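Peer 1: Quick one: structure below, then a few questions.
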Amino acid sequence: MKRKLVRRLSIALISLTLLTVLIFEMTVWAPRRLSVDIATLSDPLVPASFENVRILFFSDIHYNKFMDRDRFFSIVNRINQLDPDIVLFGGDLFDHPSVEYPSTEIQNELISLLSAIRAPLGKYAVFGNHDLESPRTRQMTANVLSAGGFELLVNQNIPIYNKGEEYIRLIGLDSQLLGSPDVEAAYQGISENEFVITLSHTPDITDALPASTRWVLAGHSHGGQIRLPIINEIYTVPFARKYVSGQHTVNGIRLNITNGIGTTRWDIRLLADPQVHLYTLMSGR
């Protein structure tokens, strides 16, 4: 009888310990444990002058709810330590800004942090759905990004130069959710001989992109934010249901989806750590 009681108490204690560790993992450790994905992208269309150029991609800050100054400051420092040449941001600057509109002080705080990110060949961004919750939040987001040194691309493309006349082409699409993506306008004037990067908040739009796209970078899904072994993500969001996380090949197009760095609804992550990505371009010749 005594032995059975000891066994039951031991099982209860182990179960309680495991549950406590799981709760801490989901609510304290995982949301703040930044993962850095480092990879090489080799493509024969990459110009010689872009050999070894580093592109840093991050998305979904969701500032002013769970993401605060101290938390984002450490991420900015990590980004600068990676020494990128180009920085791309995939949208969702603030978390539900139409519900809790950021004060001028909070806006200036984020502008200061964004301004601290260094990228000699430029910093570029697209809108996410949270940025587009109202005309007021759209304009505020545009202002904060601009003041932070980011060029906002909405259904348009621009060349990025490095040491001469050679360039790569960057396309920025509006968010499928709450936005109005215009693929035809965004790809106007694109040549098949250009190395084309498409930045989109939502990943599922990749199915509708032309073959001239070599590479798509997207966010929005948070990698599911909460994933379970075998079952994977327990909840997906519109326009990130077909492609939720990781790398995919879609009609010959490389698609990379980030988990993002922030959280929404709950400050919880499981098996979907916050991410930034550093890609080194190679010509593949």
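The values are calculated or read from the model by the stated rules, or taken from the named source; none is laboratory data. As the structure is a prediction and not an experimental result, all values here were calculated from the model. Don't worry about glycine lacking a Cβ; one is built from the backbone with ideal geometry, like all the others, and counts go over all protein chains shown.
Peer 1: When you check SER59 against the structure, is it surrounded by 12 or more Cβ atoms within 10 Å (Cβ to Cβ), among the hydroxyl-bearing types (Ser, Thr, Tyr) and under 30 Å from ALA142 (Cα atoms), yes or no?
Peer 2: yes
Peer 1: Looking only at segment 99-149, filter to residues that are surrounded by 15 or more Cβ atoms within 10 Å (Cβ to Cβ) and of a type in the set (Val, Ile, Thr); which one of those is farthest from HIS201 (Cα to Cα)?
Peer 2: ILE106
Peer 1: Just give me the residues in segment 114-134 being touching a strand residue (DSSP E or B) at 6+ places or on another chain (Cβ under 7 Å) and either part of a loop (DSSP other than H, G, I, E, B) or closer than 14 Å to ARG54 by Cβ (or both), in sequence order.
Peer 2: Passing the criteria: ILE117, ALA119, LEU121, GLY122, LYS123, VAL126.
Peer 1: Can you name every residue in segment 228-263 that is at pLDDT below 95 and either of a type in the set (Lys, Arg) or within 22 Å of VAL36 (Cβ to Cβ) (or both)?
Peer 2: GLU233
Peer 1: Could you please tell me which pairs satisfy a Cβ distance under 8 Å, a separation of 6+ or placement on different chains, a first residue in segment 251-268 that is more than 21 Å from PHE89 (Cβ to Cβ), and a second residue that is modelled with pLDDT of 95 or more and among the acidic types (Asp, Glu)?
Peer 2: Matching pairs, first to second residue: ASN251/ASP207.
Peer 1: Taking strands (runs of 3 or more DSSP E) that fall entirely within segment 221-285, which contain at least 2 residues that are of a type in the set (A, V, I, L, M)?
Peer 2: Values: elements: 246-250, 253-257, 275-282.
Answer list for segment 221-285: 253-257, 275-282.
Peer 1: I've got another one for you. What number of residues within segment 80-98 are surrounded by fewer than 22 Cβ atoms within 10 Å (Cβ to Cβ) and touching a residue at least 24 places away in the same chain (Cβ under 8 Å)?
Peer 2: 7
Peer 1: Let me ask something additional. Can you tell me which of THR258, THR264 is in contact with a strand residue (DSSP E or B) (Cβ under 9 Å, 6 or more places away or on another chain) and among the hydroxyl-bearing types (Ser, Thr, Tyr)?
Peer 2: THR258 is the lone residue from the list that is in contact with a strand residue (DSSP E or B) (Cβ under 9 Å, 6 or more places away or on another chain) and among the hydroxyl-bearing types (Ser, Thr, Tyr).
Peer 1: On to the next question. Could you check segment 1-54 and list, in sequence order, the residues that are in contact with a Phe, Trp or Tyr (Cβ under 6 Å, 6 or more places away or on another chain) and in a strand (DSSP E or B)?
Peer 2: Those that are in contact with a Phe, Trp or Tyr (Cβ under 6 Å, 6 or more places away or on another chain) and in a strand (DSSP E or B): ALA39, LEU41.
Per-residue answers, yes or no, for (1) surrounded by 21 or more Cβ atoms within 10 Å (Cβ to Cβ); (2) over 17 Å from ASN155 (Cα atoms); (3) touching a Pro at 6+ places or on another chain (Cβ under 6 Å):
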{"position": "ILE190", "(1), (2), (3)": "no, no, no"}
{"position": "SER200", "(1), (2), (3)": "yes, no, no"}
{"position": "VAL216", "(1), (2), (3)": "yes, no, no"}
{"position": "GLY224", "(1), (2), (3)": "yes, yes, no"}
{"position": "LEU228", "(1), (2), (3)": "no, yes, no"}
{"position": "PRO238", "(1), (2), (3)": "no, yes, no"}
{"position": "ASN251", "(1), (2), (3)": "no, yes, no"}
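Peer 1: Take the conditions assigned to a loop (DSSP other than H, G, I, E, B) and either in contact with a helix residue (DSSP H, G or I) (Cβ under 7 Å, 6 or more places away or on another chain) or not small (Gly, Ala, Ser) (or both) and apply them to ASP92. Does it pass?
Peer 2: yes
Peer 1: Since ILE168 meets every condition but one in (1) assigned to a loop (DSSP other than H, G, I, E, B); (2) modelled with pLDDT of 95 or more, which condition does it not meet?
Peer 2: Failing condition for ILE168: (1).
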